[in-house]
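Everything on this sheet refers to the single structure shown next.
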Amino acid sequence: MNRALHLLFLTLLWRITCNAQPYCEVNTYTVRDGLAANKISAITQDINGLMWFGTWNGLSFYDGYRFLSFRNEVSGSNCLTTNRITSVKKSYTGNLWCVTPDHRAYLFNVSTCEFTDVSKLILQRYQHHVNVRNVYPLSNGYTWVVDADCGNSYRVCDDSIQFAEAMRPYPVPEQVGKNKHLKKVMIDNDGREWVFYEGGLTLYGSKHHLKGNYEYLIQQGKSLLLGT
């Protein structure tokens, strides 16, 4: 009798578990639904909750009902050198940073729906053709545009990019050494910007330098934990 009750309990428990499985509805979207291209290189969500997609034929967003895409048109004013976008990252001022496969960086204004060619601005202001490897938007409204060739990277103020003083070059510090790649930039809870290099870590705005192959930073209270 006890064995029978035990089996009955297990059977009921299995049925409850099966019935408790969440229902997931999966939808498939293609160019027929308005997506710019079927090949997607990057996905992000902006501060308004909209989903953005970097594709092989422009930048698309989805508002839950429809797609709208932005790319270079024959009669348009947008400045993309190619419609293929490999990276999309949200700026903390509300706009979007995009990188193309020819290593150029653009800032897309979600209000005016226009691209600003940041690589072109850097060339005009500093006579430097930056070979963009990546961009790192920070929560303080600044974005680091990182050069892939150990040259100057650039710290950009996102909401005033049209002004020359909003964009400053950042050469590899002497204490880091020559021919060192900038790997990434992170910001801690106190607003300090940490710059990761090959073989070391520096604090922006100071001469502090730590040697080591660090990959990430975690803050617990006032303490910083560095990981390799």
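The values are calculated or read from the model by the stated rules, or taken from the named source; none is laboratory data. Just so you know, these numbers come straight off a predicted model, no measurement behind them. For neighbour counting, all protein chains shown are included, and Cβ atoms are generated from backbone atoms with ideal geometry for every residue, glycine included. Calculation scope for accessible area: heavy atoms of the full protein, side chains included, ligands and nucleic acids excluded. Shrake-Rupley method; radii C 1.70, N 1.55, O 1.52, S 1.80 Å.
Worth a mention:
- Accessible area of region 117-228 divided out per residue, in Å², using a probe of 1.4 angstrom: 53 Å²
- Residue range of the chain that is longest and free of GluC sites (Glu not before Pro) which are both DSSP loop and sparsely packed (at most 15 other C-beta within 10 Å): 74-173
- When the chain is treated as a GNM with alpha-carbon contacts under 10 Å, the residue of Asn95, Asn38, Asn27 showing the greatest mean-square fluctuation is Asn27.
- Once the Kirkwood radius over Cα pairs is known for the chain, the Stokes-Einstein relation at 10 °C and 1.306 mPa s delivers a diffusion coefficient of 78 µm²/s.
- Solvent-accessible area, 1.4 Å probe, carbon plus sulfur percent, for the chain: 52 percent
- Its DSSP H runs of at least 4 residues, each contributing -39,500 (n - 2.57), put the calculated 222 nm mean residue ellipticity of the chain at -4000 deg cm²/dmol, to the nearest 500.
- The figure for Trp194 is an accessible area of roughly 30 square angstrom, using a 1.4 Å probe on the protein chains alone.
- Ile40 - accessible surface, heavy atoms, 1.4 Å probe, Å² rounded to 10: 70 Å²
- Shown are His129, His209, whose ranking by accessible area with a 1.4 Å probe and every protein chain present, most to least, is His129, His209.
- Formal net charge of residues neighbouring Ala42 (Cβ-Cβ distance under 14 Å; K, R +1; D, E -1): +3
- Qualifying trypsin sites (Lys or Arg not before Pro) for region 89-175 [loop in DSSP, other Cβ within 10 Å: at most 12]: none
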